[in-house]
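*Asks:* The following block contains the structure, expressed as structure tokens.
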Amino acid sequence: MAKVTIDGITVEVPDGTTILNAARQIGGEIVPPAMCYYTSLKDSGGKCRVCLVKVTQGSAKDPRPMPKLVASCRTTVADGMVIENISSPEVLEARKGVVEFLLINHPLDCPICDQAGECDLQDLSYEHGLADTRYEFERRTFEKIDIGDKIKLHMTRCILCYRCVLVANQLTEQRVHGVLDRGDRAEISTYIEKAVDNDFSGNMIDVCPVGALTDRTFRFKSRVWFTKPMDAHRNCTKCCGKVVLWTKGNDVLRVTARKDRYGEVSEFICNECRYEHKNLADWVVEGPRHINRHSVISQNHYEKIDLLKLKKEVERQLVFQKGKQLPPANQSTTYSTENGNSQTQTHA
Amino acid sequence: MGKKLLLEHINEPGIQSFEVYRKKGGYASVEKALKSMKPDEVTEEVKRSGLRGRGGAGFPTGMKWTFLDRRSEKPRYLVCNADESEPGTFKDRYLMEHLPHLLVEGMITSSYALGAKTSYIYIRGEYMYIVRILEKAIEEAYANGFLGKNILGTDYSLDLYVHPGAGAYICGEETALLESLEGKRGNPRLKPPFPAIAGLYACPTVVNNVETIAAVVPIINIGGDEYAKIGVGKSTGTKLISASGHINKPGVYEIELGIPVEEFIFSDEYCGGIWKDRRLKAVVAGGSSVPILPADLIFTTAKGEPRLMTYESLADGGFATGTMLGSGGFIVMDETASIVENLYTFSRFYHHESCGQCSPCREGTGWLEKILHRLREGHGKKEDVDLLVSVAKNIEGKTICPLGEAAAWPVASAVKHFRKEFEEAAARLQLSAVQKAELATH
Ligand SMILES: Cc1cc2nc3c(=O)[nH]c(=O)nc-3n(C[C@H](O)[C@H](O)[C@H](O)COP(=O)(O)O)c2cc1C
Ligand code: SF4
Ligand code: FES
């Protein structure tokens, strides 16, 4: 066991635990955000750099601080380690920089993106981003492609977390997609747009932290916050059969695996459960799913919103999408309230 | 004349061939090591020599070798880093092209010290013609019993392969190199574990630069102590410097570490002074990724001492007034050179070569290039100068591999030492052809 102190709070964790997971044991504000790390995917993490923290004391034995900020998702703890996350201005400054980098080439097309409301990047930018952009150049874009009949790849939104590549490596028989090219031209793709088609490919969608991989059978059917998530299960021979049904009335609009508060799936589901049972009668419904995951557009906060303002914002963004100049708007007040809580559309 | 330990026989006709190389005393280090020394004794000599890695970081080679996990049951590997892609650095090419057997000899002696049974030379794809030169040398070494089973009748056996990359600077970073050698995408790995524990195919591995491995040959021949007598302080031995830019005699020079920078630039033995009787403006002393220094700081340190060609002296003053010896890519700029233009070229390179794995480098390098492009084209803004510094700062120290720093340092140092030039570029409004025509009609 190792005793570690994060932002002044001490916790004891098994040796080999990462700083991020030690922080998650403590919970709350001091947990670093994570965009690429995924507990159930081996070798994930280390890439996005939003989870950087400062190690001010390496261990009890060797108290020297670590010379650089480290990725908390891939750095293991040592007994007596002292870590600063939100108590370090240097870390917060660095994180702000990383979030800015993640956003400079992002299309910011939340109003027309299926992921809005359950997007890690959206949440991250509200919390750590700047209201303004310092980036004045044309943003990088890619053509949207269909990889198979179930998955839409919108590469322009991708942050290259590599999670979907790891899913394909670790859950499916054969990976037919991966990262092509390098640098800011790097893209997730399949060789000559081969179809991604195997029993577990749908999990690529669930692990995507942004709207780069979306469910083609759900695209544009509804904003997620208009749907009601229900825990349900069925007897499945291929997977655990434990899912979340995203329903509207009696219609099942979408089936996903169950995500925890950090947006992570621990029990992946098969494509049959995901795509072929969009019928309430196929499932044993356990009850409404409590989404305790933090989100700027959380399904739990059915609070009041200024409809007119939202409409205006959507229009403004749509104009922007067409490449025109962005008219000034008070963007940040659209979604979030003063206390930092989020508000969304009232359920009709 | 300074001592030549590596390039002594470079002008010998036919030195590329085994026969001539052997006649000039080649492969003596293999004979000496295999027949009269234990592997650990070879490592010990390298330690005593004070040899430091010639690939850029200057890490003590003997120490690196002792870190190699020898308790592991797994095979051990020696991998030679011949990816040489840093702008301004072309010394390994020169050495491999003209003295292929020196590298092969160094590989055998070093592999013996490390207990490697299979070793690789990973070479950049653009050096295809050198691949052929090396393969011929390896073939000759096999034919003469210096490679393969039971070398020189001892029970030591070694296979040596040349593996060309596909042309990526990032594959010079040692863990990206290993990925590429394994046939994967050349993305740097997260460290730890370090290659000494889990390198090629997760086996204990040493990665060394071409010149580092070549230097093992004279070290074993003359002994570590003798080697360490050359040089100053912790910078021992000789070093290849590839000199380019506005000098009379660009080329690759073997220097004794410790000669003054001024001598290197102006003496006829080396660069032969600034060309066209112009004045020196700036020097990038160790390849494109080290901080640039203006003329006054390159000759004397901030303390007023003459600056020497050593790891320590060049780094004196830290990043405020110093730089680094790096890989020995010595780029000289005369008074006509534009620092903005130069920096743009470097930034374009790093943008092009980022692997794209981690966000600060993937996004930041492109941003830097775009700002510099705009400044250079005369569309820049006053704020751009500080923006450059800020973006560079947001990359530095936040990335997986040092390419992030390599992209950030040149920017930070160029703006620090030549700020005025950037501000002037920002103030210069370039008129388009149409605007010029309009003006002309008035
Ligand atoms: C982006 C990048 C590129 C590099 N390119 C090279 C290279 O082309 N050749 C080289 O020897 N070392 C290169 N290095 C340094 C290697 O990672 C490694 O430190 C070196 O090969 C170790 O050998 P040495 O100890 O003999 O210097 C590079 C490092 C980085 C971060
Ligand atoms: S710093 Fe750049 S080159 Fe190095 S791993 Fe990150 S993206 Fe790749
Ligand atoms: S979550 Fe740690 S680097 Fe991405």
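The values are calculated or read from the model by the stated rules, or taken from the named source; none is laboratory data. All of these numbers come straight from a predicted model, not from anything done at the bench. Glycine gets a Cβ as well: all are built from the backbone with ideal geometry, and neighbour counts include every protein chain shown. The protein model used for the area step is the full one, side chains on, heavy atoms only, and it has no ligands, DNA or RNA in it. Shrake-Rupley method; radii C 1.70, N 1.55, O 1.52, S 1.80 Å.
*Asks:* Being free of Cβ contacts under 8 Å to residues at least 60 places away in the same chain and either within 18 Å of B:I213 (Cα to Cα) or out of contact with any helix residue (DSSP H, G or I) (no Cβ under 7 Å at 6 or more places or on another chain) (or both) is the filter here, so list the residues in region B:2-18 that pass it.
*Replies:* Kept after step one, since they are free of Cβ contacts under 8 Å to residues at least 60 places away in the same chain, are these residues of region B:2-18: B:8, B:11-14.
B:E8, B:N11, B:P13, listed by residue number.
*Asks:* Right, next: Can you name the condition, by its number, that B:G364 falls short on among (1) within 16 Å of ligand 1 (Cβ to nearest atom); (2) within 30 Å of B:T238 (Cβ to Cβ)?
*Replies:* Of (1) within 16 Å of ligand 1 (Cβ to nearest atom); (2) within 30 Å of B:T238 (Cβ to Cβ), only one is false for B:G364: (2).
*Asks:* Another question, if that's okay. Among the residues of region B:179-188, are any modelled with pLDDT of 95 or more, within 16 Å of ligand 2 (Cβ to nearest atom) and away from chain A (no Cβ under 14 Å)?
*Replies:* No, that holds for no residue.
*Asks:* List every residue pair whose Cβ atoms sit under 8 Å apart, with the two residues 6 or more apart in sequence or on different chains, where the first one lies in region B:389-410 and is crowded, with 24+ Cβ neighbours inside 10 Å and the second, anywhere, is of a type in the set (S, T, Y) and not in a loop (DSSP other than H, G, I, E, B).
*Replies:* Once the first residue is crowded, with 24+ Cβ neighbours inside 10 Å and sits in region B:389-410, its partners that are of a type in the set (S, T, Y) and not in a loop (DSSP other than H, G, I, E, B) give B:I395/B:T365; B:L403/B:Y169; B:L403/B:Y350; B:A406/B:Y350; B:A407/B:S347; B:A407/B:Y350; B:A407/B:T365; B:P410/B:S347.
*Asks:* Select the strands (runs of 3 or more DSSP E) contained entirely in region A:52-151, then report the ones holding at least 2 residues which are at pLDDT 95 or above.
*Replies:* Working: elements: A:52-57, A:81-84, A:145-147.
Because the criterion is at least 2 residues that are at pLDDT 95 or above, the strands (runs of 3 or more DSSP E) in region A:52-151 that meet it are A:52-57, A:81-84.
*Asks:* Just need a number here: residues in region B:329-370 that are surrounded by 24 or more Cβ atoms within 10 Å (Cβ to Cβ), in a helix (DSSP H, G or I) and among the hydrophobic types (A, V, I, L, M, F, W, C).
*Replies:* Adding up the residues that qualify gives 5.
*Asks:* From the list B:E363, B:E305, B:E396, B:E369, exactly one residue is away from ligand 2 (no atom under 16 Å from the Cβ) and among the charged types (D, E, K, R). Which is it? If you could, list the steps in order and put the result at the bottom.
*Replies:* Numbers: B:E363 fails: away from ligand 2 (no atom under 16 Å from the Cβ); B:E396 fails: away from ligand 2 (no atom under 16 Å from the Cβ); B:E369 fails: away from ligand 2 (no atom under 16 Å from the Cβ).
Being away from ligand 2 (no atom under 16 Å from the Cβ) and among the charged types (D, E, K, R) holds for just one of B:E363, B:E305, B:E396, B:E369, which is B:E305.
*Asks:* Further question: Of all the residues that make up region A:111-127, how many are closer than 20 Å to A:K96 by Cα and surrounded by 21 or more Cβ atoms within 10 Å (Cβ to Cβ)? Before you say what the answer is, go through the steps one by one.
*Replies:* Keep residues of region A:111-127 that are closer than 20 Å to A:K96 by Cα, which gives A:119-127.
Among the residues that remain, those that are also surrounded by 21 or more Cβ atoms within 10 Å (Cβ to Cβ) are: A:119-124.
Qualifying residue count, region A:111-127: 6.
*Asks:* So, A:T237, is that one at pLDDT 90 or above and either in contact with a Pro (Cβ under 7 Å, 6 or more places away or on another chain) or not in a loop (DSSP other than H, G, I, E, B) (or both) or not? Talk me through it step by step, then tell me what you get.
*Replies:* Details: at pLDDT 90 or above: yes; either in contact with a Pro (Cβ under 7 Å, 6 or more places away or on another chain) or not in a loop (DSSP other than H, G, I, E, B) (or both): no.
Criteria not met by A:T237.
*Asks:* Quick test for you: out of A:T217, A:T227, pick the one residue that is open to solvent by less than 10 Å² (accessible area, probe 1.4 Å) and either of a type in the set (S, T, Y) or modelled with pLDDT of 90 or more (or both). If you could, list the steps in order and put the result at the bottom.
*Replies:* On the way: A:T217 fails: open to solvent by less than 10 Å² (accessible area, probe 1.4 Å).
Only one candidate passes the filter, namely A:T227.
*Asks:* Out of all the residues in region B:38-55, which are of a type outside the set (K, R) and either modelled with pLDDT under 95 or open to solvent by 30 Å² or more (accessible area, probe 1.4 Å) (or both)? I'd like the intermediate steps shown before the answer.
*Replies:* From region B:38-55, those of a type outside the set (K, R) are B:39-46, B:49-51, B:53, B:55; that's our starting set.
Selection gives B:P39, B:D40, B:E41, B:E44, B:E45, B:G55.
*Asks:* A follow-up question, please. Look at A:G16 and say whether it is away from every other protein chain (no Cβ under 12 Å) and either assigned to a loop (DSSP other than H, G, I, E, B) or open to solvent by 10 Å² or more (accessible area, probe 1.4 Å) (or both). Walk me through how you get there before you give the answer.
*Replies:* On the way: away from every other protein chain (no Cβ under 12 Å): yes; either assigned to a loop (DSSP other than H, G, I, E, B) or open to solvent by 10 Å² or more (accessible area, probe 1.4 Å) (or both): yes.
Yes.
*Asks:* Contact list please: Cβ distance under 7 Å, first residue in region A:28-56 and open to solvent by less than 10 Å² (accessible area, probe 1.4 Å) and more than 11 Å from ligand 3 (Cβ to nearest atom), second residue assigned to a loop (DSSP other than H, G, I, E, B) and not β-branched (V, I, T), pairs at least six apart or on different chains.
*Replies:* A:V55/A:P65; A:V55/A:M66
*Asks:* Here is a further query. Across region A:189-214, which residue is least open to solvent (accessible area, probe 1.4 Å) among those that are within 14 Å of chain B (Cβ to nearest Cβ) and more than 18 Å from A:Y38 (Cα to Cα)?
*Replies:* By that ranking, first place goes to A:S189.
*Asks:* Another question about this same structure. Among the residues of region A:138-169, write down those that are on the phi < 0 side of the Ramachandran plot, aliphatic (A, V, I, L, M) and surrounded by 20 or more Cβ atoms within 10 Å (Cβ to Cβ). First the steps, then the outcome.
*Replies:* So in region A:138-169, the residues on the phi < 0 side of the Ramachandran plot come out as A:138-147, A:149-159, A:161, A:163-169.
Cutting the leftovers down to aliphatic (A, V, I, L, M) gives us A:145, A:147, A:151, A:153, A:155, A:159, A:165-168.
Within region A:138-169, A:I147, A:I151, A:L153, A:I159, A:V165, A:L166, A:V167, A:A168 qualify.
*Asks:* Hey, another quick one. On the basis of being under 19 Å from B:A176 (Cα atoms), within 13 Å of chain A (Cβ to nearest Cβ), within 19 Å of the chain's Cα centre (by Cα) and within 16 Å of ligand 3 (Cβ to nearest atom), does B:G397 make the cut?
*Replies:* Working: under 19 Å from B:A176 (Cα atoms): yes; within 13 Å of chain A (Cβ to nearest Cβ): yes; within 19 Å of the chain's Cα centre (by Cα): no; within 16 Å of ligand 3 (Cβ to nearest atom): yes.
Considered against the rule, which asks whether it is under 19 Å from B:A176 (Cα atoms), within 13 Å of chain A (Cβ to nearest Cβ), within 19 Å of the chain's Cα centre (by Cα) and within 16 Å of ligand 3 (Cβ to nearest atom), B:G397 comes out as no.
*Asks:* Any residue at all in region B:372-387 that is within 7 Å of another protein chain (Cβ to nearest Cβ) and at pLDDT 95 or above?
*Replies:* Our first condition is that a residue be within 7 Å of another protein chain (Cβ to nearest Cβ); within region B:372-387, this holds for B:387.
Then keep just the ones that are at pLDDT 95 or above; that gives B:387.
So far as region B:372-387 goes, yes, one or more of its residues are within 7 Å of another protein chain (Cβ to nearest Cβ) and at pLDDT 95 or above.
*Asks:* For B:F146, indicate whether it is among the aromatic types (F, W, Y), surrounded by 20 or more Cβ atoms within 10 Å (Cβ to Cβ) and away from ligand 3 (no atom under 16 Å from the Cβ).
*Replies:* Values: among the aromatic types (F, W, Y): yes; surrounded by 20 or more Cβ atoms within 10 Å (Cβ to Cβ): yes; away from ligand 3 (no atom under 16 Å from the Cβ): yes.
Here the answer is yes, as B:F146 does meet what is asked.
*Asks:* Given (1) within 16 Å of ligand 1 (Cβ to nearest atom); (2) on the phi < 0 side of the Ramachandran plot; (3) open to solvent by less than 30 Å² (accessible area, probe 1.4 Å), where does B:G326 come up short, assuming only one miss?
*Replies:* Looking at each condition in turn, B:G326 falls short on (2).
*Asks:* Just to check your reading of the model, which residue among B:S347, B:S327 is within 16 Å of ligand 2 (Cβ to nearest atom), touching a residue at least 12 places away in the same chain (Cβ under 8 Å) and of a type in the set (S, T, Y)?
*Replies:* Checking each option against the conditions leaves just B:S347.
*Asks:* A further question follows. Would you point out which residue out of A:V82, A:V91 is within 14 Å of another protein chain (Cβ to nearest Cβ) and either under 30 Å from A:I9 (Cβ atoms) or in contact with a His (Cβ under 9 Å, 6 or more places away or on another chain) (or both)? Give the derivation first.
*Replies:* On the way: A:V82 fails: within 14 Å of another protein chain (Cβ to nearest Cβ).
Criteria check complete, one pass: A:V91.
*Asks:* Another question, then. For region B:74-90: of the residues being closer than 15 Å to B:G53 by Cα and assigned to a strand (DSSP E or B), which is nearest to ligand 1 (Cβ to nearest atom)?
*Replies:* Looking at the filtered set, the residue picked out is B:N81.
*Asks:* Name the single residue, out of those in region B:307-323 being open to solvent by 30 Å² or more (accessible area, probe 1.4 Å) and among the hydrophobic types (A, V, I, L, M, F, W, C), that is farthest from the other protein chains (Cβ to nearest Cβ).
*Replies:* Out of the qualifying residues, it is B:L308.
*Asks:* How many residues are farther than 17 Å from B:A214 by Cα, β-branched (V, I, T) and under 28 Å from the mean Cα position of the chain (by Cα) if we restrict to region B:134-175? So that I can check it myself, show each step before the final result.
*Replies:* Residues of region B:134-175 farther than 17 Å from B:A214 by Cα: B:136, B:139-140, B:142-145, B:148-159, B:163-175.
From what's left, β-branched (V, I, T): B:151, B:154, B:170, B:175.
Going one step further and asking which of them are under 28 Å from the mean Cα position of the chain (by Cα), we end up with B:170, B:175.
Of the residues in that region, 2 qualify.
*Asks:* Given A:R74, A:R95, A:R24, which one is among the basic types (K, R) and open to solvent by less than 10 Å² (accessible area, probe 1.4 Å)?
*Replies:* Numbers: A:R74 fails: open to solvent by less than 10 Å² (accessible area, probe 1.4 Å); A:R24 fails: open to solvent by less than 10 Å² (accessible area, probe 1.4 Å).
Residue meeting the stated conditions: A:R95.
*Asks:* Could I ask something else about it? When you scan region B:151-248 for helices (runs of 4 or more DSSP H) that lie fully inside it, which ones turn up with 2 or more residues that are of a type in the set (V, I, T)?
*Replies:* Result: B:210-222.
*Asks:* Report, by residue number, each residue of region B:181-195 that is away from ligand 1 (no atom under 11 Å from the Cβ) and open to solvent by less than 20 Å² (accessible area, probe 1.4 Å).
*Replies:* If the condition is that a residue be away from ligand 1 (no atom under 11 Å from the Cβ) and open to solvent by less than 20 Å² (accessible area, probe 1.4 Å), then B:L181, B:N187 are the ones that fit.
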